Amino acid sequence: MSVLEDARAVDAVGGVCDACLGRVFADRSFGLTNRERGRALRTAIGLEDDEEPASVDAADCWVCEGYCDAFDEWAERAASKVEDVEFESYQVGTRPPALIEENERMLREDAGLDADAGERFKSEFNREVGKRVGRLTDTEVDFERPDVQFLLDLAEDEVTAEINSAFVYGRYRKLERGIPQTKWPCSACNGSGRQGREPCEECDGSGYRYPESVEQLTAPVVEDVMDGVGATFHGAGREDVDARMLGTGRPFVIEIEEPRRRTVDTDRLQQDINAFAEGKVEVEGLRLATHDMVERVKRHDASKRYSAQVRFDEPVDAESFADALAELDGATIEQETPNRVDHRRASKVRTRDVYEIEGELEGSRTATVEVHGAGGLYIKELISSDEGRTTPSLAGLLGVGAEVTALDVLRVDGEDEPFEHSAYFRD
Ligand SMILES: [Zn+2]
Ligand SMILES: [Zn+2]
């Protein structure tokens, strides 16, 4: 059958508005709205029959029950939900009443057409309201990961706007020891700060094992500037609480939930954070990042460079010290899960490479050792041997007990390519 014959069949069912008629032929021609399609088909039928073209108001249409006249109204309702929100992209989803989907099937069935001919009411509603929302808010549609996701619930007569998170990437230096990377709730009171009616004695009622963290010294500033309702700190690995993070710093992403501002001045944000952190933590290289940057910092393989202060149990001479370092330089190290690490974790042996190691004795019982190694290499154990659980080790090769008294991380670098890649930035 021709398009016009099919259109006559749909028209003959009766009581169908132009848009609902046109929607059955949505896959024919382009650049037309379904309403224009329906009108054009009715005009062609009218010309062929030499009669006035049929006309049914959407308000009287039994298929859409008037919703095809309501695109503007729903778009205005959607836009009003985000009047005070800054965003660049959006997506519209529609939850149509079950009855309308049933009506669509009945219309096609009665006209003797495929049950899925043309497109669904829901698709048209998404598109038509979406176009209008874009015009009203001067933003672009994005089907991948929009800043704002609208849901039009026709059955419940409700519009909701979900504001997706915004992300800021940067590198941090931690200039003081004793600061964990993220909030560390007190285990004695489960972070409540209370034990029964009394303040928790373990944490003085703060709820935290450590009063500050890199997260607490940075994320609240970003949350404030972006006017969000919550923040999460994602680091590219983490150093021990007692280790400093120096040099070029460690990559991180701060995720802000439901931000009302997302295009912020990152230079100024950097200054604000550094002022807030009072020299305990410094950030640099801040940039607006995409959602995918979170996985990037968490999963990207990175090598680390450390500087360790080492103390020996007995005097060590320069020659054996140099020999031991030469053995470790470029070596593959076998490490059982360290004793100090989570005991719930099953012990397993893994291998990690020492890319480069050098050191300097200071007197006979202390030294500074600099190590560049693969991600996951345990440095304290590389020095101490962890009771023979790491081999080879500095202590093992020297036959002298050795321990790290202070540890600094100097660099965290992507193994194959830098963390910073233009695909992960919004600016
Ligand atoms: Zn209709
Ligand atoms: Zn506590």
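The values are calculated or read from the model by the stated rules, or taken from the named source; none is laboratory data. From a predicted model like this one, the values you see are computed outputs, not experimental measurements. Glycine also receives a Cβ, built like all others from the backbone with ideal geometry; neighbour counts cover every protein chain displayed. Areas reflect the complete protein model, heavy atoms only, side chains present, ligands, DNA and RNA absent. Shrake-Rupley method; radii C 1.70, N 1.55, O 1.52, S 1.80 Å.
Table for the structure above
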| read-out | value |
| --- | --- |
| Residue among Val159, Val229, Val221 that alone is more than 16 Å from ligand 1 (Cβ to nearest atom) and in contact (Cβ under 8 Å) with a residue 60 or more places away in the chain | Val159 |
| Answer from Glu215, Glu198 - the residue that is out of contact with any helix residue (DSSP H, G or I) (no Cβ under 9 Å at 6 or more places or on another chain), under 29 Å from Tyr378 (Cβ atoms) and of a type outside the set (Gly, Ala, Ser) | Glu215 |
| Any hit, region 4-16, residues being in contact with a helix residue (DSSP H, G or I) (Cβ under 8 Å, 6 or more places away or on another chain) and under 24 Å from Lys131 (Cβ atoms) | yes |
| The lone exception for Arg171 - which of (1) touching a helix residue (DSSP H, G or I) at 6+ places or on another chain (Cβ under 9 Å); (2) outside any loop (DSSP other than H, G, I, E, B) it fails | (1) |
| Only listed residue being more than 16 Å from ligand 1 (Cβ to nearest atom), touching an Asp or Glu at 6+ places or on another chain (Cβ under 9 Å) and within 11 Å of Val92 (Cβ to Cβ), chosen from Phe167, Phe143, Phe150 | Phe150 |
| Among residues of region 371-389, those that are modelled with pLDDT of 95 or more, more than 34 Å from the chain's Cα centre (by Cα) and either among the small types (Gly, Ala, Ser) or assigned to a strand (DSSP E or B) (or both), counted | 2 |
| Single residue of region 61-82 satisfying the filter (closer than 21 Å to Ala98 by Cβ and among the aliphatic types (A, V, I, L, M)) that is nearest to ligand 1 (Cβ to nearest atom) | Val63 |
| Residues of region 167-206 classified as among the hydroxyl-bearing types (Ser, Thr, Tyr) and surrounded by fewer than 20 Cβ atoms within 10 Å (Cβ to Cβ), total | 4 |
| Filter result for Glu104 (of a type outside the set (Lys, Arg) and in contact with a helix residue (DSSP H, G or I) (Cβ under 7 Å, 6 or more places away or on another chain)) | yes |
| Selection from region 235-253 of residues that are farther than 19 Å from Asp267 by Cβ, in contact with a strand residue (DSSP E or B) (Cβ under 6 Å, 6 or more places away or on another chain) and open to solvent by 20 Å² or more (accessible area, probe 1.4 Å) | Arg244, Leu246, Gly247 |
| Evaluation of His421 against (1) surrounded by 14 or more Cβ atoms within 10 Å (Cβ to Cβ); (2) within 39 Å of the chain's Cα centre (by Cα) (one fails), failing number | (1) |
| Within region 369-415, tally of residues that are among the hydroxyl-bearing types (Ser, Thr, Tyr) and surrounded by fewer than 18 Cβ atoms within 10 Å (Cβ to Cβ) | 2 |
| Identity of the residue in region 207-234, part of a loop (DSSP other than H, G, I, E, B) and open to solvent by 50 Å² or more (accessible area, probe 1.4 Å), that ends up nearest to ligand 2 (Cβ to nearest atom) | Arg209 |
| Pick from region 46-60, criterion part of a helix (DSSP H, G or I) and under 19 Å from Asn103 (Cβ atoms), ranking: least open to solvent (accessible area, probe 1.4 Å) | Ala58 |
| Pair list, Cβ < 9 Å and 6+ apart or interchain, from region 136-147 residues that are crowded, with 18+ Cβ neighbours inside 10 Å to residues that are assigned to a helix (DSSP H, G or I) | Thr137/Ala78; Thr137/Ala79; Thr139/Val133 |
| Cys68 hydrophobic (A, V, I, L, M, F, W, C), part of a helix (DSSP H, G or I) and in contact (Cβ under 8 Å) with a residue 40 or more places away in the chain | yes |
| Region 9-35, subset crowded, with 24+ Cβ neighbours inside 10 Å and assigned to a loop (DSSP other than H, G, I, E, B), residue nearest to ligand 1 (Cβ to nearest atom) | Cys17 |
| Members of region 98-115 that are surrounded by 17 or more Cβ atoms within 10 Å (Cβ to Cβ) and either basic (Lys, Arg) or not in a helix (DSSP H, G or I) (or both) | Arg108, Ala111, Leu113 |
